[in-house]
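To start, the structure under review is shown below, and the notes come after it.
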Amino acid sequence: MTAVGIGSALLLGLPWLARLDLPLVGRLLRRYDARDHVSRFAAPGDPAVPPVLLFLAYLAVLLTCTLLRHGLQQYDEVVVVTRLIVVLSAAIVFPLLVRASRRYMKYVPPTLPAPRPEPPGVNVTAGT
């Protein structure tokens, strides 16, 4: 969760830092442009949007439950309810994320390298 939080903060904070034009990293950050990524959210039928929204909603639920659990530790009921909400949301969101990701993969096929053709009659073994 820490890595996701730091990564999200960086991605959301980079445009702001680029506008500040800092002396050391200003030249590097001026090239940062997230318009291509953000413009995909405006397309109503883009299959990349549902997985992102589901993931962000799930992170929001986790964050809210964590804050409630640590803020209201003296109430045992809150701890039990927040754990139940986390488990139920994971059970609901995970299949939805898998379905949305499969839909995205149908729309945007992966670009994997093709296997190298081997000459006929040559036995190829690993490590030799």
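What follows draws every value from the coordinates through simple rules; no lab data is involved. The model shown is predicted, which means the values in this text are computed figures rather than measured ones. Every residue, glycine among them, receives a Cβ derived from its backbone with ideal geometry; neighbour counts consider all protein chains shown.
Annotations
- Normalised convex hull volume, the range 47-108, alpha-carbon set, Å³ per residue: 48
- 3J(HN,Hα) along the range 96-108: 5, 5, 5, 5, 5, 5, 5, 4, 5, 5, 5, 6, 10 Hz, from the Karplus curve 6.51 cos²θ - 1.76 cosθ + 1.60 with θ = phi - 60°, whole Hz, x for Gly and Pro.
- Projecting label points 7 angstrom from Cα along Cα→Cβ for LEU63 and LEU10 puts them 1.8 nm apart.
- Computed FRET value (nearest 0.05) for GLN73 with ARG102, which takes r as the C-beta separation and R₀ as 41 Å: 0.55
- Extending 7 Å from the Cα toward the beta-carbon at both ARG83 and VAL52 defines two label points whose distance is 3.6 nm.
- Phi angles of the range 73-81 translate, via the Karplus equation with coefficients 6.51, -1.76, 1.60 and θ = phi - 60°, into HN-Hα couplings of 5, 5, 9, 5, 5, 5, 5, 5, 5 Hz per residue; Gly and Pro are given as x.
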